[in-house]
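Okay, so here's the structure we're looking at.
The numbers here are math on the coordinates, done by the rules we state, and not lab data. These figures come from a predicted structure and were not determined experimentally. Cβ atoms come from the backbone with ideal geometry, glycine included; neighbour counts cover every protein chain shown.
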Amino acid sequence: MVPKFESALQTPTLPTLINLEELKTYIDNEIEKGIAKALPAAVEKVISDPESPILIRAIDNILAVSEHKILKRIRDIEKVTGIYKFLEFEEHEPTIPDRLEALEKNTVLAGLIPAKVS
């Protein structure tokens, strides 16, 4: 035995009973209403937990694609300050620690400051 609603759906008069465009519009509107109600709560939940993987991934993506080139700037700062450890074969300008060390050697050699005793 076929349930009543299935037999109604199989009748040839279905298109005249339900306007599919209106049904689609109604469903779309209900989905938008549901999203509008649920989205603020979901966003609040994600933002309230700083360890949230979704929040961390979003921040990582923002940093990676920022027009301010944040990651490149951080890398450049790390290279200049000596935080980034260059490989032996990498050519680079002297870092700040390298410059300070060279300055110390030059001033010791010039006799301006006494040599450190180890």
- In whole Hz, the Karplus estimates of ³J(HN,Hα) for the stretch 64-74 (6.51, -1.76, 1.60; θ = phi - 60°; x where Gly or Pro) are 5, 10, 4, 6, 7, 6, 4, 5, 5, 5, 4
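Would you work out the charge dipole size for the stretch 69-113 about its Cα centre, treating the Cβ of every Lys and Arg as +1 and the Cβ of every Asp and Glu as -1, and quote it to the nearest 20 debye? Present the calculation step by step, with values, prior to reporting the outcome.
Details: 8 positive and 9 negative charges, 64 e Å.
That gives a dipole near 300 debye.
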- Note on the structure: Residue span Glu22 to Lys72: 0.36 nm per residue of separation minus Cα-Cα distance leaves a gain in nm of 12.9 nm
- So what are the ³J(HN,Hα) numbers for the stretch 82-91, from phi and the Karplus equation (6.51, -1.76, 1.60; θ = phi - 60°), rounded to whole Hz, Gly and Pro as x? x, 5, 6, 8, 6, 6, 4, 8, 7, 7
- Message: Amide H of Tyr84 versus every other amide H placed in the peptide plane: which residues, excluding those fewer than 5 positions away on the same chain, fall under 5 Å?
- Response: Lys79
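Exceeding 32 Å between C-alpha atoms, which entries from my cross-link table qualify? They are Lys33/Lys72; Lys79/Lys105; Lys45/Lys79. Write out the running numbers ahead of the final one.
On the way: Lys33/Lys72 41 Å; Lys79/Lys105 22 Å; Lys45/Lys79 38 Å.
Exceeds cut-off: Lys33/Lys72; Lys45/Lys79.
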- Item | In Hz, Karplus ³J(HN,Hα) per residue of the stretch 29-40 (6.51, -1.76, 1.60; θ = phi - 60°; x = Gly, Pro) | 5, 5, 5, 4, 4, x, 5, 4, 6, 7, 4, x
